[in-house]
Amino acid sequence: MLLTSERPALLGGIPVCAEPWPKASTIGEDEKRAALEVLDSGGLSGFRAGPGPRFFGGSRVRKLEQEWADYFGTQHAVAFNSLTSGLQAAIGALRIGPGDEVIVPPLTMSASAVCPLVYGAVPIFADVDPDTFCMDPASVEKQVTDRTRAVIVVHLFGHPAPMDALLEVARRHDLAIIEDCAQAPAGSYRGKALGTLGHIGGFSLNVHKTIQTGEGGVMVTDNEETALRMRLIRNHGETAVESFGIEGLENTFGGNTRMTELEAAIASVQLRRLEGLTVHRNRLAARLDRALSRLPGLRPQRRLADGSRHAYYFYALRYSEEECGLPRELFVRAVRAEGIDLRTDYARPVYWEPLFQKRIALGRGGFPFRQNPNGREYRYPRGLCPVAESLFEGELVFGRFCHWPLTERHVDQVVSAFQKVIENRDIISRYAMGPRP
Ligand SMILES: *Cc1c(COP(=O)(O)O)cnc(C)c1O
């Protein structure tokens, strides 16, 4: 007979974690002061469409861009109202358009895979590596055609993608690399900041990210023309192209994806917290790594190149049903009953969405999947990226276990819950198979 305290919560025992975890907010007094200053000034946005210095935004937007470029060591930083807008601008700035293909990962937030469509280019999915969950360079290379223009690399959950091999593929085929660092600000690869290894890097300041302004995004690049083109796309480029003497007008028109002074002021303060928040996440993650790798069937996402740093947006693991002895869904249900928010729902392969299955993006005729000027037709069948599908369907588990203000005590609750479920796997399986004991 089990003691009540040891009995799995799924079977009516006392949960490991009975109290809700503290709410995460990195917004403090400095952010409040910065926001109030903007409100007092009355100048909530400094942008103006058309030639002149205000084309580039207000003083706080320009200050944030300078600080961001300095922090990451790039020539240029361009602020947007979201990273989604920034990624679209990156595609446009590379002068990608109808007839072109862009290689993207299937396991990611949809924006990173969908952005090429906005300019009429086709997303082509490359599979991921089963241990890092990031793009597999060999799969990328297989997808390259004479129409491929760029690769969007996502440092998923904060884990740096294998950039040496990806850059090598890009160099061989003359492709641009756009790094989506939404989940990996202050992560690094072989001593270099993520976002600065490819041709363009992008960061999100959305409320869920490590540092945030509610909504916002920043793109970085060393290429002056690319930076200017992103700025044109951000702010009604059609009104300013002449004054910049831009040749090649394509993709420069139509947008307002500008950041306000309020967001920029808050982001400047948040940027100063980034390093400390990342160190915090890594400290908690290292504790989880040590404890969880002793348990059967759970392998933390971690195969970092030397001198690299994970940013731990999520703490993710590869789950083996065979080694652990419970179907993943039952394991997750049992851990959740212990009060730990373990999840499996994040990275549904993007090409499973109706957009790709029904192939309706721009207009009703199926463009650019059908009626493409390059004469090709594009399909997204099941099994297109088998590793990604298998991770999503049966192997991936993750949670927000490392963010500020969590402490070692919370991390230890995660470990205790996992341990308790694994120790009780026999009675949990029996319970799931039949009537309650
Ligand atoms: C959050 C996120 C985005 C989108 O960022 P927004 O600023 O919300 O538009 C893109 N890619 C990834 C991987 C993300 O996690």
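Conditions (1) more than 11 Å from the ligand (Cβ to nearest atom); (2) closer than 21 Å to LEU304 by Cβ, marked per residue:
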| residue | (1), (2) |
| --- | --- |
| GLY158 | no, yes |
| GLY187 | yes, yes |
| VAL207 | no, no |
| THR210 | no, yes |
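Looking at the range 257-350, the helices (runs of 4 or more DSSP H) lying wholly inside it that each contain 3 or more residues that are over 25 Å from LEU406 (Cβ atoms), charged (D, E, K, R) and open to solvent by 20 Å² or more (accessible area, probe 1.4 Å) sit at 321-324.
Considering (1) in contact (Cβ under 8 Å) with a residue 60 or more places away in the chain; (2) out of contact with any His (no Cβ under 7 Å at 6 or more places or on another chain); (3) more than 10 Å from the ligand (Cβ to nearest atom), the lone condition that GLY202 does not fulfil carries the number (3).
Quickly run through the range 110-128 and pick out the residues that are touching a strand residue (DSSP E or B) at 6+ places or on another chain (Cβ under 6 Å) and hydroxyl-bearing (Ser, Thr, Tyr). Hit for the range 110-128 is SER112, nothing else. Per the listing LEU167, LEU175, LEU194, the residue uniquely open to solvent by 30 Å² or more (accessible area, probe 1.4 Å) and either within 25 Å of GLU31 (Cβ to Cβ) or of a type outside the set (Val, Ile, Thr) (or both) is LEU167. Apart from one condition, PHE157 fits all of (1) open to solvent by 10 Å² or more (accessible area, probe 1.4 Å); (2) part of a helix (DSSP H, G or I); the exception is (1).
Yes/no per residue for (1) part of a loop (DSSP other than H, G, I, E, B); (2) of a type in the set (Val, Ile, Thr); (3) open to solvent by 30 Å² or more (accessible area, probe 1.4 Å); (4) over 30 Å from ILE233 (Cα atoms):
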| site | (1), (2), (3), (4) |
| --- | --- |
| GLU6 | yes, no, yes, yes |
| PRO20 | yes, no, yes, yes |
| ALA24 | yes, no, yes, yes |
| GLU31 | no, no, no, no |
| PHE47 | yes, no, no, no |
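Applying the condition of being assigned to a helix (DSSP H, G or I) and within 16 Å of the ligand (Cβ to nearest atom) to the range 216-245 and asking which residue is surrounded by the most Cβ atoms within 10 Å (Cβ to Cβ) yields MET230.
The values are calculated or read from the model by the stated rules, or taken from the named source; none is laboratory data. Because the structure is predicted, anything quoted here is derived from the model rather than measured. In this analysis, Cβ positions are derived from the backbone assuming ideal geometry, glycine residues included, and neighbour counts consider all displayed protein chains. When the accessible area is computed, the model is the full protein with side chains, heavy atoms only, and any ligands, DNA or RNA have been set aside. Shrake-Rupley method; radii C 1.70, N 1.55, O 1.52, S 1.80 Å.
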